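Here the structure comes first, spelled out in structure tokens, and everything after it is commentary.
What follows is calculated from the coordinates using simple rules that are stated; it is not laboratory data. This one's a predicted model, so the numbers in the text were calculated from it and none came from an experiment. For neighbour counting, all protein chains shown are included, and Cβ atoms are generated from backbone atoms with ideal geometry for every residue, glycine included.
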Amino acid sequence: MLHRSPQFVTLGCVSMVTRTKGLRRGTRNILSKSKRERRRLFIGRVMHSYEIGEKVAIVLDGAQQRGMPHRRFQGRTGEITGKQGRAFVVSVHDGNKEKTVVARPEHLRPIE
């Protein structure tokens, strides 16, 4: 019996599941933490104050969902250009374009 839910697509006698299109798809390894890092809140990372013009690295923290940038910016470096509430505005080069990313300090790390 074939499923009648919209997730399944019927191609002849073969039924296939449609691909998900969520924002966090394909992030099992990117957002997962090791056993040692679980249940730890890095208070220094949250309370760190950044200045405009400072260089930062975008490192996603899967335990904190608020203010998380898109996964394509994981591991990118950028420069802080402003503040927006509790978050910071970071300009990042994506190929030839310069993009602005709004991220909270849990997802940023300073670069010396």
Contact order normalised by length for the chain, with contacts defined as Cα pairs under 8 Å and 6 or more residues apart; what percent is it? 23
Sum up the lysine pairs in the chain that clear both bars: alpha-carbon distance under 23 Å and a spacing of 8 or more or different chains. 6
Evaluate E = 1/(1 + (r/R0)^6) for Lys55 and Ser15, where r is the Cβ-Cβ distance and R0 equals 41 Å; express this FRET efficiency to the nearest 0.05. 0.20
In Hz, Karplus ³J(HN,Hα) per residue of the stretch 96-107 (6.51, -1.76, 1.60; θ = phi - 60°; x = Gly, Pro): 8, 9, 9, 10, 9, 10, 9, 9, 7, x, 5, 9
Sorted from largest down, what three extents in whole angstroms do the Cα atoms of the chain have along their principal axes? 61, 38, 24
For Leu108, enumerate residues with amide H under 5 Å from its amide H, sequence gap 5+ or separate chain, H modeled in the peptide plane. Val59
Cα-Cα pairs of the stretch 46-112 separated by more than 21 Å (percent): 12
Net charge of neighbours whose Cβ lies under 13 Å from the Cβ of Pro105, counting Lys and Arg as +1 and Asp and Glu as -1: +2
